[in-house]
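Report on the following structure.
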Amino acid sequence: MKVLRCMLFVIVPLLAWGRSPQHTPEVPIEKWSGKTIMLIGAHADDDALSHGTLALLEAHGNHVYVVTLTTGNVGTQDPNLSRMQLAEIRRKEELAALAELGIPGDHYVNLGYDDGLLEFEDRKAVVENLVRWIRKLRPTVLMAWDPGKNYQRWHKSDHRAAAYLAADAARAAMWRLLFEGQITQEGLKEWMVPEYLLYNDYDHDDENVWVDISDFVDKKVNAFSKYISQYGPGWKNYKANPSEAEVRQMKEDSRARVRMKDGKPVEGFRYYQGLPDALGK
Ligand SMILES: [Zn+2]
């Protein structure tokens, strides 16, 4: 009986959806418009890997939201910063970076978990929290750390937790009897995320789409220069207002890191369309 119930849990939505997973977007990402994009990251700056794409999507009439799980209240080499100060700095920097991309401040959501400890949080509570935001925002496209394709991908702490929490939340959000209080008490409705752009920071073997960010490199570079406490001069000795030369250096560092493919600046992703059940296939 248990096996049958488990099988139904898998087969029924497959029949309902009625098609197999796709690994190429029907419309090239550069031509997307009118979509709701939700990026889930662990830290303020995880979205920086995708800033060219986010700026492009925002400029093309999509609605971009960034949901960050931790406040980033730990990652510093400055011995004088408290957790409170760092969390406030990270929020300010993230909002400044998103503003450079044209993304409004109220499209940034921080769920307030502690930096560095995400995998030790109550997983059910975190998934419930993410499910609530998925049901609120009803994204057509979910961007997240890639949990791995046919294997569990290793990421550093927080990133690996965020990868699986996002995938698990995408799956839970479509089941109306999971976290049903959100539906019966909060006026939300179940939601199945149909498309995914999965990102990764160092290993690009599983990528299957590359977004041409030619027109958005400057925005990406300018946004990066807002992360003063994470890169450049603020890492060891934070100051809110770095010198012009220091900002220039941060921009140069960022520009040097832009990836090139076929002579064009790009950001790469693993695109997936289909049921969240098969996200890793
Ligand atoms: Zn991170």
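Kindly provide the helix-only [θ] at 222 nm of the chain, computed as the sum of -39,500 (n - 2.57) over DSSP H runs of four or more divided by all residues, to the nearest 500 deg cm²/dmol? If you can, show how the numbers build up before the last one.
Values: 8 runs with 100 residues, N = 281.
Using -39500 (n - 2.57) per qualifying helix, the result is -11000 deg cm²/dmol.
Please compute the Kirkwood hydrodynamic radius over the chain, one decimal place, Å, based on all pairs of different Cα atoms. Please report the intermediate quantities before stating the final value.
Details: mean 1/r = 0.0512 Å⁻¹.
For the chain, inverting the mean 1/r across all distinct Cα pairs yields 19.5 Å.
Quick one: angle between helix 123-137 and the longest Cα principal axis of the chain, in degrees between 0 and 90, rounded to 10, please.
Once rounded, the angle reads 90 degrees.
Go through the stretch 271-281 residue by residue and turn each phi into a ³J(HN,Hα) via Karplus (6.51, -1.76, 1.60, θ = phi - 60°); whole Hz please, and just put x for glycine and proline.
Values, residue by residue: 8, 9, 10, x, 5, x, 3, 10, 3, x, 10 Hz.
What is the set of long-range amide H partners of Gly41 at a cut-off below 5 Å, with H atoms built 1.01 Å from backbone N?
Excluding prolines and chain starts, which carry no amide H, the hits are Val67, Thr68, Leu69.
Give Lys239/Lys261; Lys35/Lys92; Lys124/Lys220; Lys156/Lys220 a once-over and call out the pairs whose C-alpha atoms are over 32 Å from each other. Before the final figure, lay out each step's value.
Details: Lys239/Lys261 36 Å; Lys35/Lys92 27 Å; Lys124/Lys220 34 Å; Lys156/Lys220 24 Å.
Listed pairs above 32 Å: Lys239/Lys261; Lys124/Lys220.
Taking amide H positions as placed in the peptide plane 1.01 Å from N, state which residues far from Val64 in sequence (5 or more) or on other chains have amide H under 5 Å from it.
Those lying under 5 Å, H to H, from Val64 are Ile37.
Using a 1.4 Å probe and ignoring any ligands, DNA or RNA, find the accessible area of Trp210 and quote it in Å² to the nearest 10.
Approximately 90 Å² of Trp210 is accessible to the 1.4 Å probe.
Which value in nm describes the separation of the simple spin-label points at Glu186 and Arg83, placed 7 Å from the Cα toward the beta carbon?
The two pseudo-label positions are separated by 2.4 nm.
Between Ser157 and Glu119, what is 0.36 nm times their sequence separation minus the Cα-Cα distance? Round to one decimal in nm. The partial results should precede the final answer.
Working: separation 38, 0.36 × 38 = 13.68 nm, distance 0.73 nm.
That pair, Ser157 and Glu119, stretches by 12.9 nm at full extension.
For Arg257, what is the net charge nearby, where nearby means another residue's Cβ is under 12 Å from its Cβ and Lys, Arg count +1, Asp, Glu -1? The partial results should precede the final answer.
Numbers: positive: Lys220, Lys251, Arg255, Arg259; negative: Asp201, Glu252, Asp253, Glu267.
Around Arg257, the charge tally is 0.
Can you give me the long-range amide H partners of Arg259? Hydrogens built in the peptide plane at 1.01 Å from N, cutoff under 5 Å, separation of 5 or more residues or another chain.
Sorted by chain and number, the residues that satisfy this are Val266.
Give the residues of the stretch 72-111 whose amide nitrogen is closer than 12 Å to a point set 7 Å from the Cα of Trp235 in the direction of its Cβ.
Of the residues in the stretch 72-111, 76-78 have backbone N under 12 Å from the label point off Trp235.
Report ³J(HN,Hα) in whole Hz for each residue of the stretch 65-78, in order, from the Karplus equation J = 6.51 cos²θ - 1.76 cosθ + 1.60 where θ = phi - 60°; Gly and Pro get x.
Per residue, the Karplus-derived 3J(HN,Hα) values read 10, 10, 10, 10, 7, 10, 7, x, 8, 10, x, 8, 9, 7 Hz.
What ³J(HN,Hα) values, in whole Hz, does the Karplus curve 6.51 cos²θ - 1.76 cosθ + 1.60 give for the stretch 208-214 when θ = phi - 60°, with x put for Gly and Pro?
10, 9, 10, 8, 6, 9, 2
Largest first, what is the accessible-area ranking of Met192, Met250 with a 1.4 Å probe?
Working: Met192 40, Met250 5 Å².
Highest to lowest solvent-accessible surface, that is Met192, Met250.
The values are calculated or read from the model by the stated rules, or taken from the named source; none is laboratory data. In this text, all values refer to a predicted model and were calculated from it rather than measured experimentally. Every residue, glycine as well, gets a Cβ built from its backbone with ideal geometry; the counts of neighbours run over all protein chains shown. Remember, those area values only see protein heavy atoms, side chains included, never the ligands or the DNA or RNA. Shrake-Rupley method; radii C 1.70, N 1.55, O 1.52, S 1.80 Å.
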